[in-house]
Amino acid sequence: MKNNPVRHFSSLPVYAGLISLLLIITSTPSHAKLDARFANSALAMSPDGTTLAYPVPVYNTAGQPTTEIWMYSLATSAKKRVGYVAGFWDAAWYDTNHPTAMRWDKTNLYVFPLEGTKLTTLSLGVRFSWAQPAISPDSNWVAFPAFKKDATTPAKTPGVFALDVRTNKVKTLSDDTVLSWVDWSPDSKQIVYGCNKDKEPYKLKIVNLADGKVTNLGLEGTGARWSPDGKWIAYTGNSVKKENWQIGIPLDGSILKVDPLTKKTTALTDPGVNKLDNSTIERNTSGDICPVWSPDGKKIAYRHIHQVLIGKTVTHSDDQLWVMDSDGTNKHLVTAKWSPYAWSKDSKSLYLKEETNISRIDLATSKTTTIASWPEPKIVPAATTQQPAKRTPARPAANPRARARRTLFP
């Protein structure tokens with residue numbers, strides 16, 4: 001999903017293109033306790049739909065967390081480790097030839113080659129916090145909502161920013177506060193996001209990359225995703241009270257879609273619920289978040305969350321994965337416990353990452369097949385590093401269309 005998917009970032013210079021040697025090391029199984037943050041680390045399907053990139057948890061001998069990035073070939077079932085990065089990371093793709101490690105509130109992206117051990121570090125700059133990176137479909141930009149730290153004071157300025165990978169420069173697109181993520185249009189020319197400021201309702205907006213023009217769609221919404229054909233935007237809106245939220249999205253809203261040209265909206269799921277029983281102090285909240293389009297644009301996967309709280313104590317909690325047709329019909333439960341997932345290229349299956357395996361679920365038959373697994377967790381020797389080398393600039397492409405897709409990495 002770009003569930004990120006996905007494919008998801010100062011007045012100081014942005015240092016991009018640093019290359020360091022990634023060490024591939026031997027690992028041995030252990031029964032060390034797995035950090036819960038690994039459970040939410042995302043996997044991703046390659047843009048051509050042939051390869052899954054997924055994270056595997058590792059701890060070094062000092063007990064420090066590390067994420068290995070692995071690839072699984074759908075054609076051959078071959079599995080390959082391409083490298084690892086210290087800390088907790090999501091697997092993503094820079095382009096078809098380069099799996100990537102990135103993470104919410106991280107200002108670096110690590111781009112791996114399919115062969116060899118060299119990786120490229122893309123830096124968004126040291127003054128950004130709460131960044132959520134999103135790589136453009138043409139691979140030339142990394143857009144990210146963030147807070148930029150002032151050079152001389154503790155003040156932080158919100159905004160939506162974009163790193164030009166070709167020039168290593170960051171441009172400011174808007175000064176809106178975005179607490180979830182941004183999403184690219186399929187042609188890499190526009191970015192959609194939901195913003196919130198001074199306790200106002202979330203406003204759904206689109207910004208043009210070229211001129212920074214911001215269009216307010218006049219809708220309450222956030223957690224938005226563009227459809228593969230660019231004709232629709234799915235989002236969470238119509239929040240009841242906007243009190244309980246997760247990953248920057250209210251949990252008492254529903255999934256809708258909007259035509260960005262006509263601004264026509266269509267409700268896809270039932271209205272959210274947010275009720276408080278004053279006699280028992282019990283709050284019942286439910287809603288739908290995180291819509292992710294299938295590659296053919298005919299289906300949408302989403303999360304349904306239901307919580308019951310007494311005071312601040314959670315007494316019941318459901319976090320489920322559902323799939324529906326893109327018009328809101330044929331809803332069905334995929335799994336009662338949500339986990340990170342990716343769509344198959346043919347839109348007929350979902351690949352789910354659980355604690356110790358990747359499984360494929362056929363949406364027509366509900367048949368589940370494990371395709372990859374790993375021990376939980378592993379301990380490896382502490383890593384050493386080597387001095388970064390200078391990146392060699394990419395050669396110009398032979399034609400304008402190819403130029404937009406040229407790779408800047410080894």
- prompt: Looking at Ser339, Ser366, which one is among the hydroxyl-bearing types (Ser, Thr, Tyr), in contact with an Asp or Glu (Cβ under 6 Å, 6 or more places away or on another chain) and either more than 21 Å from Thr50 (Cβ to Cβ) or at pLDDT below 95 (or both)?
  reply: Ser339
query: Within region 140-159, which residues are surrounded by 24 or more Cβ atoms within 10 Å (Cβ to Cβ) and of a type outside the set (Phe, Trp, Tyr)?
result: Val142, Ala143, Pro145, Ala146
message: If I ask for residues that are closer than 14 Å to Glu243 by Cα and surrounded by 14 or more Cβ atoms within 10 Å (Cβ to Cβ), which ones from region 266-275 would you list?
response: Gly272, Val273, Asn274
task: For residues that are part of a strand (DSSP E or B) and over 29 Å from Trp232 (Cα atoms), scanning just region 151-160, find the one that is modelled with the lowest pLDDT.
output: Lys156
field: Among the residues listed as Thr215, Thr177, Thr222, the single one being over 23 Å from Lys264 (Cα atoms) and hydroxyl-bearing (Ser, Thr, Tyr)
entry: Thr177
- prompt: Taking the stated definitions as given, is Gly218 in contact with a strand residue (DSSP E or B) (Cβ under 6 Å, 6 or more places away or on another chain), surrounded by fewer than 20 Cβ atoms within 10 Å (Cβ to Cβ) and at positive phi?
  reply: no
query: Inside region 68-107, can you point out the residues that are in contact with a strand residue (DSSP E or B) (Cβ under 6 Å, 6 or more places away or on another chain) and among the polar types (S, T, N, Q)?
result: Ser73, Thr100, Thr107
- request: Check off (1) assigned to a loop (DSSP other than H, G, I, E, B); (2) in contact with a Cys (Cβ under 9 Å, 6 or more places away or on another chain) for Arg303 and give me the number that stays unchecked.
  value: (1)
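Listed here are the residues, each with its yes/no results for (1) at positive phi; (2) surrounded by fewer than 20 Cβ atoms within 10 Å (Cβ to Cβ); (3) not small (Gly, Ala, Ser).
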site	(1), (2), (3)
Leu261	no, yes, yes
Lys264	no, yes, yes
Ser286	no, no, no
Lys298	no, yes, yes
Tyr302	no, no, yes
Gly311	yes, yes, no
Val314	no, yes, yes
statement: Flagged in region 83-138 as closer than 14 Å to Glu68 by Cα, surrounded by 21 or more Cβ atoms within 10 Å (Cβ to Cβ) and of a type in the set (Val, Ile, Thr), in numbering order, are Val85, Thr100, Val111
query: Only one residue in Ser123, Ser139, Ser73, Ser77 is polar (S, T, N, Q), at pLDDT 90 or above and farther than 30 Å from Thr369 by Cβ. Which one?
result: Ser139
field: Output for region 326-346, where each listed residue is surrounded by 14 or more Cβ atoms within 10 Å (Cβ to Cβ) and not hydroxyl-bearing (Ser, Thr, Tyr)
entry: Gly328, Lys331, Val334, Trp338, Pro340, Ala342, Trp343, Lys345
query: With Arg360, Arg405, Arg391, Arg401 as the choices, which residue is modelled with pLDDT of 95 or more and either of a type in the set (Lys, Arg) or not in a loop (DSSP other than H, G, I, E, B) (or both)?
result: Arg360
task: Tell me the strands (runs of 3 or more DSSP E) entirely within region 161-241 that contain at least 2 residues that are closer than 20 Å to Gly297 by Cα and either at pLDDT 95 or above or in contact with a Pro (Cβ under 9 Å, 6 or more places away or on another chain) (or both).
output: 182-184, 190-195, 214-226, 233-237
task: Look at region 335-351 and say how many of its residues are out of contact with any Ser or Thr (no Cβ under 8 Å at 6 or more places or on another chain), assigned to a strand (DSSP E or B) and under 24 Å from Trp232 (Cβ atoms).
output: 3
- line: How many residues of region 242-275 are part of a loop (DSSP other than H, G, I, E, B) and within 15 Å of Asp327 (Cα to Cα)? The answer is 5
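The values are calculated or read from the model by the stated rules, or taken from the named source; none is laboratory data. Keep in mind that what you see is a predicted model, and the values were worked out from it rather than measured. No Cβ is skipped: glycine too gets one built from the backbone with ideal geometry, and neighbour counts run over all protein chains shown.
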